[in-house]
Amino acid sequence: MASTLEKFIHSLDPRALPRVLQIQSGIYFQGSIYEMFGNECCLSTGEVIKVIGFKINKLIASICENNEVSRFSAKVELPLNFPGLYKVVADKIPYNSIEEIARKVSIGPTRFGHPCFYSPEDIKLANLTIKHGEQITFNSVEEVNGVMAVNCGVVRNNQSHSFTLPLSQEGKFYECEDDQIYTLKEIAEWKIPKCRNRVVKLSNALHTWDFFNPFPENFDGCLILTPVYEVQAVMKFRKDIVHILSDLDVEVKDVTDCYDISSFLQPLSLEDVFERTSKEFPMVAEIMEGPSRSQKPYNLLHTGKEIMIYKKYQATRVLASEIRSDSPKRHFLIPLSYKGKFKRRPREFPTAYDLEIARSEKEQLHVVATKAFDSPHKELFSVSVGDQFLVQQCQTSEVLYEGKKKVIDVLACEQILSDTYKKVFLPMYMEGGFVEVIHDKKQYQLSEICKEFRLPFNVKVSVRDLSVEEDVLAAVPGLQFEEEITDSYLLISSTRSPVESWEIPVYRLNVLVHLLSKDVETVVPPATGTTVEEISEEQYYMVRRYENQTLHPPPRPPKKPT
């Protein structure tokens, strides 16, 4: 049965991909030649395409009155980076089963992917009853004892209770009110259910609107958002990916069940390649879609280029951030093979507790106070701006508190005077401010810093890496090495002139390839080039979140006595 492309994509479950579609009818620009993002393709009646993915490309916004489109509202096209912060208005239309929620609502590992619903009736489970109106958080979808189910949770008296609801569970489920605020991009990625529009309320307009405000003067901030999807597809006789907008005037028919899907090229993401067994490497692949950047190694990943993929493995990187008081900071992943050298830069410590964490047996920590502190106990030291200390160790001390003796944790230090040293004690809860005094003038390789010092660690580049054309770190005035991480990489080179090989990250590059059926002998890869990867703010937090899942949080600093 034929339907419009828009209707088909709006109802398509991403888990059902890929799908083979046959073009039933459609006219573009007085002909069948269609161009999108530089990809020109012919979509004539009878043409067959394989849909491999889709994502929201833009939003059509209409002014909302009483949860309906205003009769006097003109539709406005909004890009995903349109400024402003928005609150999501709960959908008044219920879902009729857990399966419908799992199929239409984004449920995932980030904080955006935990939607909340309530049932107007009690739900009785084996060892728990979910009361009517109680907020249920949906955390993930997985198979439990052979049955697909949603992992859920409710909070009662500050205690979290976990349980599962099978997809077969029926009943009325309504969205809960959401008090969070989101960017338009976050709403597009996580908060627009399949086959539904989304009502949002403008929470905070940005100053950018001083230059361009597409809404009328009396606009109260309430919008109905309709998504327009960008469809990724493979055509029968092409080696690249074509991009088609879902709102084009074309009818399609799903012919997946009666078509040989293997007759199309099989696009693979870098994640798909990484999941192959180690025995299948090395392999030759052709880029179907890749980044447009010109610097190495990204210039090897332009559409149409052939690459050799030697192997997959885990590699270590040092996560570093630019030292600056204002934002946004730049973030980098630096390989241990980086050939530049670093000099130390002073670290800053907001509390005495941070001094205890930073001290090491290798050298004595020397700091200067940048903030005064008045001690409430005569047994402990009061700090003035400019006081200098050598940090020694944590110990306990007896103080008089409300007429009673009390033992508290203190940091033993030596105060540096003009011609002598004075032993003093600082309370561990002390909120002051200290900056490190650096006596070490040595230049260090990255691997030496990781071996000899505890991270985080402040540095600046003193000798740039001469093995690369442009060392992006050399222009950064100061860096903080935050932690070592382990990440997944593929080792690649050009098939035409394999002078050097490169490590490319599996999870941060949007690249699609198809494997070429060429006989590849086991070859030794050429020398590996050094690549410092600059990552976005979003990628930075994802890297830190995944890395820190296996670590225990540090203990909380002691509280000041009340």
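The values are calculated or read from the model by the stated rules, or taken from the named source; none is laboratory data. Remember, it's a predicted structure, so these values are computed and weren't measured experimentally. Cβ coordinates were reconstructed from backbone atoms using ideal geometry, including for glycine residues, and neighbour counts include every protein chain displayed. The accessibility values were calculated without ligands, DNA or RNA, using every heavy atom of the protein model including side chains. Shrake-Rupley method; radii C 1.70, N 1.55, O 1.52, S 1.80 Å.
Before moving on, here are some points about what is shown:
- Tabulated pairs, segment 98-122, first under 14 Å from Gly153 (Cα atoms), second part of a helix (DSSP H, G or I) and open to solvent by less than 70 Å² (accessible area, probe 1.4 Å), C-beta under 9 angstrom, 6+ apart or interchain: Ile107/Ile101; Ile107/Gly113; Gly113/Trp190; Pro115/Ile101; Pro115/Trp190; Phe117/Ile101
- Filter result for Glu521 (within 22 Å of Glu482 (Cα to Cα), modelled with pLDDT under 85 and of a type in the set (D, E, K, R)): no
- Against the criterion of being at pLDDT 90 or above, more than 30 Å from the chain's Cα centre (by Cα) and crowded, with 18+ Cβ neighbours inside 10 Å, Ser97 does not qualify.
Residues checked against (1) open to solvent by less than 70 Å² (accessible area, probe 1.4 Å); (2) of a type in the set (Ser, Thr, Tyr); (3) at pLDDT below 90; (4) outside the structural domain of Thr370 (by the TED database):
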position	(1), (2), (3), (4)
Ala412	yes, no, no, no
Thr420	yes, yes, no, no
Tyr429	yes, yes, yes, no
Glu469	no, no, yes, yes
Leu473	yes, no, no, yes
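- Complete set of residues in segment 150-183 that are open to solvent by less than 90 Å² (accessible area, probe 1.4 Å) and free of Cβ contacts under 8 Å to residues at least 40 places away in the same chain: Asn151, Cys152, Gly153, Val154, Arg156, Ser160, His161, Phe163, Thr164
- Among the candidates Ile492, Ile485, Ile504, the residue that is touching a helix residue (DSSP H, G or I) at 6+ places or on another chain (Cβ under 8 Å), surrounded by fewer than 18 Cβ atoms within 10 Å (Cβ to Cβ) and of a type outside the set (D, E, K, R) is uniquely Ile485.
- Some residue of segment 224-242 being under 26 Å from Asn139 (Cα atoms), assigned to a strand (DSSP E or B) and at pLDDT below 90: no
Condition check ((1) surrounded by fewer than 13 Cβ atoms within 10 Å (Cβ to Cβ); (2) β-branched (Val, Ile, Thr); (3) modelled with pLDDT of 90 or more; (4) under 30 Å from Leu333 (Cβ atoms)) across all residues:
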position: Phe373; (1), (2), (3), (4): no, no, no, no
position: Ser382; (1), (2), (3), (4): no, no, no, no
position: Leu390; (1), (2), (3), (4): no, no, yes, no
position: Gln395; (1), (2), (3), (4): yes, no, no, no
position: Leu400; (1), (2), (3), (4): yes, no, no, no
position: Lys423; (1), (2), (3), (4): yes, no, yes, no
position: Asp440; (1), (2), (3), (4): yes, no, no, yes
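- Subset of segment 350-371 that is modelled with pLDDT of 90 or more and of a type in the set (A, V, I, L, M, F, W, C) - its residue that is farthest from Ile438 (Cα to Cα): Ala369
- Note on segment 248-265: residues that are open to solvent by 20 Å² or more (accessible area, probe 1.4 Å) and either more than 29 Å from Leu509 (Cβ to Cβ) or in contact with a Lys or Arg (Cβ under 9 Å, 6 or more places away or on another chain) (or both) total 12.
- Among (1) in the same structural domain as Ala2 (by the TED database); (2) out of contact with any helix residue (DSSP H, G or I) (no Cβ under 9 Å at 6 or more places or on another chain); (3) touching a residue at least 60 places away in the same chain (Cβ under 8 Å), the one test that Leu248 misses: (2)
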